[in-house]
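Trainee: Below you will find the structure I want to go over with you.
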Amino acid sequence: MKTIKTGAAALAMLALSQPQMGMAQDCVQEADIADAAIYAMPAMVSAIETKCASQLSADGYFATEGSALKERYSVLSTDAWPGASRLINVFASSGKDSNGKQVASMLDYMPEEAMRPFLNAMIEQELAKEIPLKECTNIERGFELVAPLPPENVGALLGFVMRMAGVDKPSICEVGSN
């Protein structure tokens, strides 16, 4: 469950960092959550590696496979960006947090090629703050368990789990709804 919370924290950070565009929606699509997870995965892994370096084994999963995991997701990040961007827009337009709105306003004027590296660094930094050191080995185990799955399945699984768990700020759309 801590791994899901960690992933949710990364997605929330991603969401708070996007300019407000369009109308607020009642729900977010699972596919956009999947894209956001794929997009954010390299920054999430980097955050875990950085924060948990002192807690993890030198021959553990992140030490031996972390770079390969980041690369598998990095090659998909451009294709995942539109869905991740839609998710961010929904969160930003539905949020009431003044920090999120300030960041969103600033990013509204930033070109995508400048925004994405800034956003990636922000995800990594903010997520690292949220990771409890005592959970590092559990987080590593969670990533090792899902690593054999194709990235698209990992993203879809996260969207499904979030919908089934009743995430409601904003809610996850029922499959097939707009």
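The values are calculated or read from the model by the stated rules, or taken from the named source; none is laboratory data. Since the structure is predicted, the reported quantities are computational estimates derived from the model, not experimental observations. In this analysis, Cβ positions are derived from the backbone assuming ideal geometry, glycine residues included, and neighbour counts consider all displayed protein chains. Side chains included, ligands, DNA and RNA excluded: accessible areas come from the protein's heavy atoms. Shrake-Rupley method; radii C 1.70, N 1.55, O 1.52, S 1.80 Å.
Trainee: Going through ILE48, ILE38, ILE4 one at a time, which residue ends up being within 20 Å of ILE123 (Cβ to Cβ) and either in contact with a Lys or Arg (Cβ under 7 Å, 6 or more places away or on another chain) or at pLDDT below 50 (or both)?
Mentor: Result of the check over ILE48, ILE38, ILE4: ILE4.
Trainee: Another question, then. Residues being over 22 Å from GLU112 (Cα atoms), touching a residue at least 60 places away in the same chain (Cβ under 8 Å) and crowded, with 19+ Cβ neighbours inside 10 Å: count how many of those fall in segment 64-88.
Mentor: Count: 1.
Trainee: Which residues, taken from segment 30-43, are touching a strand residue (DSSP E or B) at 6+ places or on another chain (Cβ under 8 Å) and open to solvent by 30 Å² or more (accessible area, probe 1.4 Å)?
Mentor: GLU30 - this is the single residue of segment 30-43 that is touching a strand residue (DSSP E or B) at 6+ places or on another chain (Cβ under 8 Å) and open to solvent by 30 Å² or more (accessible area, probe 1.4 Å).
Trainee: Consider TYR73 carefully, then state whether it is at pLDDT 90 or above, closer than 17 Å to GLY159 by Cα, touching a Leu at 6+ places or on another chain (Cβ under 9 Å) and assigned to a helix (DSSP H, G or I).
Mentor: In short, no.
Trainee: On to the next question. Which of the residues that make up segment 44-61 are open to solvent by 10 Å² or more (accessible area, probe 1.4 Å) and either touching a residue at least 24 places away in the same chain (Cβ under 8 Å) or of a type in the set (Val, Ile, Thr) (or both)?
Mentor: Listed by number, the residues that qualify are MET44, SER46, THR50, LYS51, SER54, GLN55, LEU56, GLY60, TYR61.
Trainee: Something else now. So ASN138 passes all but one of these: (1) in a helix (DSSP H, G or I); (2) farther than 16 Å from PRO42 by Cα; (3) of a type outside the set (Phe, Trp, Tyr); (4) modelled with pLDDT under 95. Which condition number does it fail?
Mentor: Failed condition: (4).
Trainee: May I pose another question? Mind counting the residues in segment 125-166 that are touching a strand residue (DSSP E or B) at 6+ places or on another chain (Cβ under 9 Å) and either of a type in the set (Asp, Glu) or open to solvent by less than 60 Å² (accessible area, probe 1.4 Å) (or both)?
Mentor: Qualifying residue count for the region: 4.
Trainee: Starting from residues that are open to solvent by less than 20 Å² (accessible area, probe 1.4 Å) and closer than 28 Å to PHE143 by Cβ, keep the ones in segment 90-106 and report whichever is modelled with the highest pLDDT.
Mentor: For segment 90-106, the residue satisfying everything is VAL90.
Trainee: Another question, if that's okay. Run down ALA47, ALA58, ALA80, ALA63 and say which single residue is of a type in the set (A, V, I, L, M) and either touching a strand residue (DSSP E or B) at 6+ places or on another chain (Cβ under 7 Å) or over 18 Å from GLU140 (Cβ atoms) (or both).
Mentor: Result: ALA80 is the single residue among ALA47, ALA58, ALA80, ALA63 that is of a type in the set (A, V, I, L, M) and either touching a strand residue (DSSP E or B) at 6+ places or on another chain (Cβ under 7 Å) or over 18 Å from GLU140 (Cβ atoms) (or both).
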